[in-house]
Structure formats: C-alpha cells, structure tokens
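Peer 1: Below is a structure I'd like to ask you about.
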Amino acid sequence: MKLFDLHCDTIGECHKQKASLRKNNLNVSLEKGQVPEDYTQVFAIWIPDELRKEKAVKYFDEVCDFYESELHRNKDLIVHCNSLPESEKRIKSILAVEGGAALGGDISGLYHLYDRGVRVLTLTWNAENEIASGAFCEKGGLTEFGKKVINKSEILGMVVDVSHLNRQSFFDVAENSTKPFIASHSNPDTVENYYGKKRNLTDEQIDIIKNRGGLIGLNFCADFFDVDGKSGVEAFKAHLSYLLERGCEDIISIGSDFDGCTLTSGIESLSSMESVFESLLSSGFSEDILKGVFYRNAKRFFSKMLTE
Ligand SMILES: [Zn+2]
C-alpha cells in the first residue's frame, strides 16, 4: 500500500530512549515487513513547552543531530527529502518541528531550521510561545513576530501547520497568510470534542483549510479520535464520513501521531495501516477516496509546496 503520514513523534522518542529508527519497540520501526511499500513520513521534532529561547534552540539542534545520524545510519532504507523525488524507492522523510519555540524568538531561527532541512513548522504546542498561543490558552493569538514568521515561511517554502493552535491564533494565521496551510494532526470537533479542549477543528476552521487548498491529517490519539465508545476503524469511519459530507475529499490525509500519544485501540502502529485501509474498503468507502486519504492528497500537496 501507499502511505503518506503528516505527523509522528518517533524521532524524539528514539532520541529519548536511545533507540534506533530501524529496530525499536515504538509505533514506527523501519524493520522490514512493518513499512508500506511506498511510504512518506513527516517526522516531527517536538519541542516541550518548558523549553524556550536558547534552551529550545539547543534541544532542537540536539534532536536534529540525532535525526541526521539515524538517517545516515539507515540510508539503505530511508532518505531525507527537501522535495519529493519521483523515482525514490526508499522511505521518504520530511522533517517538521512541532513548536515554533525552536526559532528562539528570532527570525534567524527560521532560516536555521530551514538550513537544517525542516520543511513543516507546527507553530505551537499547547502553550503560548513567541509566535502564537496554543490550544490550551484561553487568550492570545498570532503575535507580530508570528506574522513575520508566516510571511518568511511562505517565501522560503516552509509549510505552516496550524495543529495545536488556539482558535484566535488559527484565524489570525488564516488572515495573515496567502498560501495553503495544513492541520497535520487534528480531527473534526463536531465528531469528537475532546472535553472542549479545542484540539480538534470546528466546521468553520475545516472550511477555511479546504478553501485554501490545505490538508487535514486524521489523528489517532484516543482522546481526540474515539467517539461514542467507538475506536479504531469504527471511529475512523465517523471522522471520514463527516469530512466527506463537508466536501473535503481532496484535503483529508493521515496525521497518525504515532509515538506521540495513547493511540485508539485497533490502530497499534504503522503496521496496522494496511488492515485499516482494507477494513475501510470493505465497509463501503471507495478505493479512490481511500487512496486519496492515505497517500495521494498529501503527495499532491507536498509536490506543489516543496520546491527544495
Ligand atoms: Zn501534537
């Protein structure tokens, strides 16, 4: 099968556990037999909210060094991509940062991330940083510095990711950006409200991402995914059906959140994805729509957005 996943936290977990990407006990392991035949993964370096300024920059560099060494060590299996090569047979890796605190509050930090190969910037985690306010903040939106970051990101070709933003920050990004942006790992809020914690997307937010030509990656975190006692494929059906009803078939993608959360039961790891696809197919979703969700929509988006 073909899979394009917009978000996992595997690099940070491997770094923490001193484990290798190739062989580990995590959700994403590159060992043979576990990966789809055509597979692109956005690997995020997550910046904890306790880290700001120099500490955040230092932590990013440390994990990024680890990422580079792991990709070098496993270069027979996986390749870092600043754009998407057509003929590549190995696993294609796109690098993301989850938490714009990694810029250290300075626009030069954005160029530093870009030079190190980062092509997706999740502006915040749950708290506020120099750029914007995260989902767990009652107040605050995009800052003046954040507006500069959006503008420079669009010029550079860095994809802006709005997952984890609070509502005000989201609408500020929509107003202060011109290019399509993504919600790499967020679900429709109408289907699963996550105790009102605002990690999922309202209908208005979904429509804005759709009209801009962005992407929404379905997140398998049990807290945001499970709905009315349903988990796994059953919950997947609920989210997918809802987004299809809203006319989102060209922007739905996968944002697994592997190695970043407690997963919904029934989706244990990367190796579950094939059976999830088959189950959805046998429950009546068209193969063409599912191929779009699992791969083609994200492939089309990133082929257009990543220009080196
Ligand atoms: Zn996240």
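Peer 1: Search the stretch 115-149 for residues being away from the ligand (no atom under 16 Å from the Cβ) and in contact with a Lys or Arg (Cβ under 9 Å, 6 or more places away or on another chain), and hand back the single one that is nearest to L51 (Cα to Cα). Reasoning before the result, please.
Peer 2: Narrowing the stretch 115-149 to residues away from the ligand (no atom under 16 Å from the Cβ): 115-117, 119, 130, 138-149.
Now drop any that are not in contact with a Lys or Arg (Cβ under 9 Å, 6 or more places away or on another chain), which leaves 130, 141.
Details: E130: 12, G141: 20 Å.
Selected residue: E130.
Peer 1: Further question: Which residue pairs have Cβ atoms under 8 Å apart, sit 6 or more places apart or on different chains, and have a first residue in the stretch 2-21 that is free of Cβ contacts under 8 Å to residues at least 24 places away in the same chain and a second that is of a type outside the set (A, V, I, L, M) and in a loop (DSSP other than H, G, I, E, B)?
Peer 2: Q17/N24; A19/N25
Peer 1: Looking only at the stretch 62-75, count how many residues are exposed (fewer than 15 other Cβ atoms within 10 Å of the Cβ) and over 20 Å from W125 (Cα atoms).
Peer 2: Qualifying residue count for the region: 6.
Peer 1: Within the stretch 175-188, restricting attention to residues that are in contact (Cβ under 8 Å) with a residue 60 or more places away in the chain and crowded, with 20+ Cβ neighbours inside 10 Å, which residue is nearest to the ligand (Cβ to nearest atom)?
Peer 2: Result: H185.
Peer 1: Among the numbered criteria (1) within 16 Å of the ligand (Cβ to nearest atom); (2) assigned to a loop (DSSP other than H, G, I, E, B); (3) not charged (D, E, K, R), which single criterion is violated by V191?
Peer 2: (1)
Peer 1: Working carefully through the options G157, G141, find the one that is at positive phi and surrounded by fewer than 21 Cβ atoms within 10 Å (Cβ to Cβ).
Peer 2: On the way: G141 fails: at positive phi.
Being at positive phi and surrounded by fewer than 21 Cβ atoms within 10 Å (Cβ to Cβ) holds for just one of G157, G141, which is G157.
Peer 1: Could you check the stretch 219-242 and list, in sequence order, the residues that are among the aromatic types (F, W, Y), within 25 Å of N126 (Cα to Cα) and away from the ligand (no atom under 16 Å from the Cβ)? Before the answer, list the steps.
Peer 2: Taking the stretch 219-242 first, the residues among the aromatic types (F, W, Y) are 220, 224-225, 236, 242.
Add one more test, that the residue is within 25 Å of N126 (Cα to Cα), and what stays is 220, 224-225, 236.
F236, the sole residue that qualifies.
Peer 1: Sticking with this structure for a sec: Condition first: away from the ligand (no atom under 16 Å from the Cβ), farther than 12 Å from L201 by Cβ and assigned to a helix (DSSP H, G or I). Now tell me which residues in the stretch 156-170 satisfy that.
Peer 2: L156, Q168
Peer 1: Given the condition of a type outside the set (D, E), crowded, with 21+ Cβ neighbours inside 10 Å and under 22 Å from A298 (Cβ atoms), answer yes or no: does some residue in the stretch 46-61 qualify?
Peer 2: Of the stretch 46-61, the ones of a type outside the set (D, E) are 46-48, 51-53, 55-60.
Checking the rest, the ones that are also crowded, with 21+ Cβ neighbours inside 10 Å come to 46-47, 56-57, 59-60.
Then keep just the ones that are under 22 Å from A298 (Cβ atoms); that gives 46.
Taking every residue of the stretch 46-61 in turn, at least one turns out to be of a type outside the set (D, E), crowded, with 21+ Cβ neighbours inside 10 Å and under 22 Å from A298 (Cβ atoms).
Peer 1: I'd like to know if the stretch 225-235 contains one or more residues that are at positive phi and under 14 Å from the mean Cα position of the chain (by Cα). Spell out the reasoning first.
Peer 2: We begin by selecting, within the stretch 225-235, every residue at positive phi; these are 228-229, 232.
If we keep only those that are under 14 Å from the mean Cα position of the chain (by Cα) as well, we get none.
No, the stretch 225-235 contains no residue that is at positive phi and under 14 Å from the mean Cα position of the chain (by Cα).
Peer 1: State all residues of the stretch 243-262 that are within 13 Å of the ligand (Cβ to nearest atom) and over 15 Å from the mean Cα position of the chain (by Cα); if no residue qualifies, say none. Don't jump to the end; show me each part of the working.
Peer 2: Of the residues in the stretch 243-262, the ones within 13 Å of the ligand (Cβ to nearest atom) are 255-262.
The answer is T262, and nothing else.
Peer 1: Now for a separate question. For the structure I just gave you, tell me whether I150 is crowded, with 20+ Cβ neighbours inside 10 Å, part of a helix (DSSP H, G or I), β-branched (V, I, T) and on the phi < 0 side of the Ramachandran plot. Quick ask: steps written out before the conclusion?
Peer 2: Values: crowded, with 20+ Cβ neighbours inside 10 Å: yes; part of a helix (DSSP H, G or I): yes; β-branched (V, I, T): yes; on the phi < 0 side of the Ramachandran plot: yes.
Criteria met by I150.
Peer 1: Check every one of the helices (runs of 4 or more DSSP H) wholly within the stretch 243-308 and list those with 2 or more residues that are surrounded by 15 or more Cβ atoms within 10 Å (Cβ to Cβ) and without any contact (Cβ under 8 Å) to a residue 60 or more places away in the chain. Walk me through it before giving the result.
Peer 2: Details: elements: 273-282, 287-291, 297-305.
Fully inside the stretch 243-308 and qualifying: 273-282, 287-291.
Peer 1: Output the number of residues of the stretch 194-203 satisfying the condition of being modelled with pLDDT of 95 or more, assigned to a loop (DSSP other than H, G, I, E, B) and not β-branched (V, I, T). Outline the logic, then answer.
Peer 2: Kept after step one, since they are modelled with pLDDT of 95 or more, are these residues of the stretch 194-203: 200-203.
The next check asks that each one be assigned to a loop (DSSP other than H, G, I, E, B); those that pass are 200, 202.
Among the residues that remain, those that are also not β-branched (V, I, T) are: 200.
Looking only at that region, the number is 1.
Peer 1: While we're here: Which is assigned to a strand (DSSP E or B) and either crowded, with 17+ Cβ neighbours inside 10 Å or away from the ligand (no atom under 16 Å from the Cβ) (or both), of I206, I216?
Peer 2: Details: I206 fails: assigned to a strand (DSSP E or B).
It is I216.
The values are calculated or read from the model by the stated rules, or taken from the named source; none is laboratory data. Computed from a predicted structure; not experimentally measured. FYI the Cβ positions are ideal-geometry reconstructions off the backbone, even for glycines, and counts take in every protein chain you see.
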